[in-house]
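Novice: Let me give you the structure first, and then I'll get to my questions.
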Amino acid sequence: AEDVLVSSGPVKGLSARNVYEARVEALERTGADVTLRCALPAAPAPWLARVTPAAVEALALKAGQPVWLAVKSHSVRLL
């Protein structure tokens, strides 16, 4: 969850080649951060992304909103 970048619009000009369009299912305050639960069309399980409350406000994140998730391949681990 820590290595996932969240964008409120399509992403361009990143070295990360793994960029996925998703939809925010829920936001949950987790300590000092907020954990986003995001649904990807082809993913069997939701993706989690941890962001700051300031990022939630700046990106106007809310349930149902489309987002783009960017992740470097070395940060991916199957559980």
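The values are calculated or read from the model by the stated rules, or taken from the named source; none is laboratory data. Just so it is clear, the model here is predicted, and its values are computed rather than measured. Ideal geometry is used to build each Cβ from the backbone, glycine not excepted, and the neighbour counts take in all protein chains shown.
Novice: Which of the residues that make up the range 34-50 are among the hydrophobic types (A, V, I, L, M, F, W, C) and either assigned to a loop (DSSP other than H, G, I, E, B) or modelled with pLDDT of 95 or more (or both)? If you could, list the steps in order and put the result at the bottom.
Specialist: First pass over the range 34-50, keeping only residues among the hydrophobic types (A, V, I, L, M, F, W, C): 34, 36, 38-40, 42-43, 45, 47-49.
Passing the criteria: Val34, Leu36, Cys38, Ala39, Leu40, Ala42, Ala43, Ala45.
Novice: Here's something else I'd like to know. For the range 30-46, name all the residues that are over 11 Å from the mean Cα position of the chain (by Cα) and more than 16 Å from Leu59 (Cβ to Cβ).
Specialist: Result: Thr30, Gly31, Ala32, Pro41, Ala42, Ala43, Pro44, Ala45.
Novice: Can you name every residue in the range 1-33 that is assigned to a loop (DSSP other than H, G, I, E, B) and in contact with a Lys or Arg (Cβ under 7 Å, 6 or more places away or on another chain)? Spell out the reasoning first.
Specialist: Narrowing the range 1-33 to residues assigned to a loop (DSSP other than H, G, I, E, B): 1-3, 8-17, 31-32.
Hits for the range 1-33 are Ala1, Glu2, Asp3, Ala16.
Novice: Would you mind finding the one in Ala49, Ala45, Ala63, Ala32 that is crowded, with 16+ Cβ neighbours inside 10 Å and of a type in the set (Gly, Ala, Ser)? Break it down into steps so the answer makes sense when it comes.
Specialist: Working: Ala45 fails: crowded, with 16+ Cβ neighbours inside 10 Å; Ala63 fails: crowded, with 16+ Cβ neighbours inside 10 Å; Ala32 fails: crowded, with 16+ Cβ neighbours inside 10 Å.
Sole residue among the options that is crowded, with 16+ Cβ neighbours inside 10 Å and of a type in the set (Gly, Ala, Ser): Ala49.
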